[in-house]
Amino acid sequence: MTGTRIGWRDNGDSLDVALVANRALARGRRVWWQEDGDYVVERLPPLDGLRTVPDAAPAAGSVELTPAATALFTGPATGYPYWGYYALCLLRLGLTYAPVDGAAIAGGGLARANLFVIPGGFATWNFDRAEDAPGADAQVRAFLAGGGRAIGSCGGAYYLSAGRPGWSGTADAMPLYTHEYLQSGVGIVSIDIAAPMLGRGLPPSLDLPYYHGPIWDRVGSNSAIAATFAALTLPGRLGIDNPLDHARFVRDMRGKPAVLDAGGLRGEAILFSPHPEMGDLLRKYIALDGYARKYLPIRGLPVLRDTMRFYAPADSPSFRLVANAAHDLTSRPGTRRVPPPPVEATGGPADAIVPTLRRVLRTVDPRDDADLAPLIGEIVGDLAARLDRAPPATGPLAGHIAQAIAGRETALHGTPIAQRLMEVELGIALVDCLARIDAVDRTLEAA
């Protein structure tokens, strides 16, 4: 069997590589995932801007992928923008999803999924109580016992751990802080990757945001340590003004598990203590509020402008951890097979996304922060230009996202400038990702 190889290095590590592979997989093409992280795709037509190698055979050690039919928890217990970061990550990787809340889960909403993605936001609770949805937790346990797989970040990783009533206990590991989880902090951390499948095609360490995720002190026999905390790169205050300090990091976290790969009688899941789905988006605005404030008077506007300009929210390296986790989990023996959710272009309330983001951006006056005014002005100008050229956003997913963004508009009044800028850029990136998926799908349909 031969196909078309799509290589990461050949394409400058653009996440278009994963996007195309996952869209082809969702549309019935066979796809192999190689040990170097590259893909070989059956019957792949030429795609603008993507370098490929024709007539390539899957190399030894390749895994034939199973399509991921993803359900993303978007209920109020998590809320937007928490699930919005995962929506961005999944869509950028070409993984469409079905949004589910507690009521939908209790009503059997996971029956059409083989991968359940659980963001942060409700660390110490469970679906039944947090969403007033009796039966939701039993449905999750049945899903995991019946060949469904799960990925959880931060609060989602707590839920998949052991030690509190209502948690799934998928991983036989209890966090150091359970109910009183705010005792850790916020920042950018680096992790050392230990698991070969999780680290396919990646360097041995990555930087990513951390927001009070579980710190597993001891890990049971049903869980492998897939990555460990290595260093605190930058304390943060964005969203939650509780910076993680170096002394606490060294005392409680360094060398401890950052990612678990759990498998046993209670299902199979990958648990991220930090947030790979937040990626460069959160890193950029954490840096604006801390790193840039410190170094702007020292190094000047041109240097800090380049620092801000070259963050890559839509090509975050940490998104590949989620891609690798999804590939690994759904391709394991016993995974249930169900078709991925479609992307339907039907229009509707999604048309409100760009006007809402424009209104939020107009509330940002760079003069309100004298120290950062020139840099904030640069960012505002860039975001305004991107809104002017934003493509139309249509379909049920876009409509669901539009409602969430509209619901945040009032809540953002009076929040720090970095928070408002970050949420505007998140919305723009979501619109761009939906458009990319639509363009690739149309090309694949025509081939």
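Miscellaneous remarks
- So residue 44, is it over 18 Å from residue 325 (Cβ atoms), crowded, with 22+ Cβ neighbours inside 10 Å, in contact (Cβ under 8 Å) with a residue 40 or more places away in the chain and not assigned by TED's automatic domain parsing to the domain that holds residue 268: yes
- Tally, over the stretch 2-13, of residues that are in a loop (DSSP other than H, G, I, E, B) and either at positive phi or buried (at least 17 other Cβ atoms within 10 Å of the Cβ) (or both): 4
- Looking across 127, 116, one residue alone is crowded, with 24+ Cβ neighbours inside 10 Å and under 14 Å from the mean Cα position of the chain (by Cα). It is 116.
- Counted residues, the stretch 366-382 - those being part of a helix (DSSP H, G or I), surrounded by fewer than 20 Cβ atoms within 10 Å (Cβ to Cβ) and aliphatic (A, V, I, L, M): 2
- Just so you know, in the stretch 121-160 the residues that are β-branched (Val, Ile, Thr) and modelled with pLDDT of 95 or more include one that is farthest from residue 210 (Cα to Cα), and it is 140.
- Among the residues of the stretch 204-228, none is identified as within 11 Å of residue 175 (Cβ to Cβ), part of a loop (DSSP other than H, G, I, E, B) and more than 20 Å from the chain's Cα centre (by Cα).
- Output for the stretch 23-56, where each listed residue is assigned to a loop (DSSP other than H, G, I, E, B) and touching a Gly at 6+ places or on another chain (Cβ under 9 Å): 29, 30, 34, 35, 36, 37, 38, 42, 43, 44, 51
The values are calculated or read from the model by the stated rules, or taken from the named source; none is laboratory data. Keep in mind it's a predicted model, so treat the numbers as computed, not measured. FYI the Cβ positions are ideal-geometry reconstructions off the backbone, even for glycines, and counts take in every protein chain you see.
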